[in-house]
Structures are given as C-alpha cells and as structure tokens.
Amino acid sequence: MTPHKTAKRFKPAKTPTVPELMPWDMRRLSPAGSPTAEAVYQAVGHALSIWEFTETQLSDLYLCFIDAYYGRPHGISPRRAALRAYGSVVSFASRSEIVETAGKAFFNERRRTLNDREANTRVLEYEKNVSMELGPLLKELRIFCARRNEIAHGIVGGAKDRFYLSPSDFNPRKRPLTTKLRTQFESAIYHYTADDIDHYRREFEKQAQKILDYIERVLRVVTHDRVRAKEHEEWIQRGRRT
C-alpha cells in the first residue's frame, strides 16, 4: 500500500518589518504633505530657534568647565571673552569638540581626595559617572545637528495642499546620483512636512533639557572641588602651625 501523504501546512508569507525610526533618523515620506506652505515655514522657524537655544545651553556647559577649571579672578568675569572665542568657531562639530576637550581637562583634575574615605569613594564614583556621560551626550547632539542643517538649508515647495521642506537642487549630498531614472522629487533623500519638523523641534527641546540637567551634575562636582580646596587649605595651615 502506498503510504498516505499528509498535506503540507500553508505558511503565510511573513510581513516585512519596517525598522523602527530613532528620534534623530530622517522621517519617512508622508504622501499627504502639509496643507500649506506657511505651516512648513512656521515649523522651520520654531525648530531653528529651539536649536539655537540648545546651542546656548551647550555654551553654558563650556563656561561651566572653563570657570571651574581656571577659576574666576575677583572682580573679573571671563564669561564674555570665553563666549566670543567659543562663538568664533564656525562649525557645530568643532564647537562640540571644544566642549569635549574642556570637559576632559575638567574631569582629569579630580585627583585630590577628601579626608573622609567613605565620602571620597562616593564622590569619585559620582564624578566618574558624570565624566562618562559627556561623550554620549555630545555624540547625540552631533547627530541631531545633521537634522538641524537639513531644516536650515531646505527649501519649501509643493503645490495645492501638498507642501514639503526639501533639499536644494544643487546639494549633491542630499540629491545623490543614481542609475535609476528619477523625477526631481524622487531624487531628494528627504521631504519634511510641518509635522516632521515639529518632531525634530521637540527632540531639540529634549536635548536642551539634557544639557541643563548635565550642567547641574557638573556643578555638584564643582561643589566637591570647594570641599577639597577647603580641606587642602586646612592641611596647609596645620602644617604651618607645627
């Protein structure tokens, strides 16, 4: 007898999964676009203003590192000179490198220990953790800066009720060459709606808050320095009396 053959079970085709977008990724094309050009223009202005605020917080972090590291002479504030020097650097990548370099120098000075060993262990652990947060913070800001630049250098275009912010025609990085035949619209690697730009604006606000929170943690390190300096001065005074 011929053995009975069981029918193969039908396996439905797997639905291709769409990778989840990270907050800093380019937004996917919305076929609907924005209803008006004015909505896109308004979103652009709002996002760029918030990014500038974020950069202002970063300059404050730089000042925090510089003031704590070099000290502030009585009656003289180096704030204006430091800000002008910082602002004279054109690219954000270079400014973020300046902050990172200043931060490394700042945290490298955490050598003098407190008299209380238990307290000193906690303090050094805290300062180590804070120093390790700086690199990832700046890395994320640099990625978001790419989105900021796209918003700053894009052109609003469209027709009827379908408007986008798109790269200019002469931008080779945002309109790469390809062997496939494409329309002028299809050749661009991004087309942002007002909602897309608002998403980035909200992310810029989050970055500004992250910097503010980080400054608070750095200021705790400055407080530790004052305790160190006080104990060191007391140690010198005891040596002079003996």
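The values are calculated or read from the model by the stated rules, or taken from the named source; none is laboratory data. Note that this is a predicted model, so its numbers are computed, not measured. Every residue, glycine among them, receives a Cβ derived from its backbone with ideal geometry; neighbour counts consider all protein chains shown.
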State whether the residues of the range 127-148 include one that is in contact with a Lys or Arg (Cβ under 7 Å, 6 or more places away or on another chain) and either over 29 Å from residue 209 (Cβ atoms) or among the β-branched types (Val, Ile, Thr) (or both).
-> yes
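Of the residues 136, 176, 172, only one is assigned to a helix (DSSP H, G or I) and not aliphatic (A, V, I, L, M); which? Please lay out each step first, then the result.
Details: 176 fails: assigned to a helix (DSSP H, G or I); 172 fails: assigned to a helix (DSSP H, G or I).
The conditions single out 136.
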Can you give me the number of residues within the range 182-208 that are surrounded by fewer than 21 Cβ atoms within 10 Å (Cβ to Cβ) and of a type in the set (Val, Ile, Thr)?
-> 2
Within the range 33-45, identify whether any single residue is at pLDDT 95 or above, closer than 30 Å to residue 217 by Cα and surrounded by 10 or more Cβ atoms within 10 Å (Cβ to Cβ), and answer yes or no.
-> no
Report yes if some residue within the range 136-152 is modelled with pLDDT under 95, crowded, with 18+ Cβ neighbours inside 10 Å and not aliphatic (A, V, I, L, M); otherwise report no.
-> no
